[in-house]
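What follows is one structure encoded as structure tokens, with my remarks underneath.
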Amino acid sequence: MKVKKFEDLIVWQKSIEITVEIYRHFEKHHDFGYSNQIRRASISISNNIAEGYERNSNKDFNRFLKIAKGSCSEVKSMLFLGNRLGYFSDLEIIHFYSRVDEIGKMLYGLYNSLNTTN
């Protein structure tokens, strides 16, 4: 099945899901700077997938996938910091980290699949 719109991409769907989870986790959080930054980084993942897809060129899509992958790393870094600051339980950090790591791997796979078809 050929993907006809970015909303069909599983990686985009998963990135939206994790962003919603992060938003909900920090709804009433007192550290605005931290919660704002991790939210913005998570939003950047799905937005870059969408923007790159709509460029209608593999070269541009690849560039935006790399940016989305970088945003995944930013979220991971923020998760490590949040764990040290006590913003996550051990189970929560495992959950969030594994979800973001999975998205990063999916982005890497998509990037590689586009590079083999050029």
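The values are calculated or read from the model by the stated rules, or taken from the named source; none is laboratory data. Note that the structure is predicted; figures quoted are calculated from it, not measured. All Cβ positions, glycine included, derive from the backbone under ideal geometry; neighbour counts span all protein chains shown.
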### Query
Can you name the residue in the range 20-46 that is farther than 13 Å from Glu74 by Cβ and under 14 Å from the mean Cα position of the chain (by Cα) and is also surrounded by the most Cβ atoms within 10 Å (Cβ to Cβ) among such residues?
Ser46
### Query
Here are some conditions: (1) closer than 16 Å to Phe26 by Cβ; (2) touching a residue at least 40 places away in the same chain (Cβ under 8 Å); (3) touching a Gly at 6+ places or on another chain (Cβ under 9 Å). Leu65 meets all but one. Which one does it not meet?
(1)
### Message
Residues to consider are Asn36, Asn62; find the one that is farther than 16 Å from Val100 by Cα, in contact with a helix residue (DSSP H, G or I) (Cβ under 6 Å, 6 or more places away or on another chain) and assigned to a helix (DSSP H, G or I).
### Response
Asn62
### Task
Please work out if Lys69 is among the basic types (Lys, Arg), surrounded by 14 or more Cβ atoms within 10 Å (Cβ to Cβ) and touching a Leu at 6+ places or on another chain (Cβ under 7 Å).
yes
### Query
Residues of the range 47-57 being of a type in the set (S, T, N, Q) and crowded, with 16+ Cβ neighbours inside 10 Å, which ones?
Asn47, Asn48
### Query
When you look at Phe88, is it surrounded by 15 or more Cβ atoms within 10 Å (Cβ to Cβ), more than 17 Å from the chain's Cα centre (by Cα) and within 19 Å of Ser35 (Cβ to Cβ), yes or no?
yes
### Message
For the range 39-59: of the residues being of a type in the set (S, T, N, Q) and assigned to a helix (DSSP H, G or I), which is modelled with the lowest pLDDT?
### Response
Asn58
### Query
Would it be correct to say that Lys14 is among the basic types (Lys, Arg) and assigned to a loop (DSSP other than H, G, I, E, B)?
no
### Query
Is one or more of the residues making up the range 102-110 within 9 Å of the chain's Cα centre (by Cα), within 30 Å of Ser57 (Cβ to Cβ) and among the hydroxyl-bearing types (Ser, Thr, Tyr)?
no
### Message
Here is a check on your reading of the model: is Ile94 exposed (fewer than 15 other Cβ atoms within 10 Å of the Cβ), modelled with pLDDT of 95 or more, at negative phi and not in a loop (DSSP other than H, G, I, E, B)?
### Response
yes
#### Entry: Restricting the range 1-19 to residues that are without any contact (Cβ under 8 Å) to a residue 40 or more places away in the chain and polar (S, T, N, Q), the residue that is surrounded by the fewest Cβ atoms within 10 Å (Cβ to Cβ)
Gln13
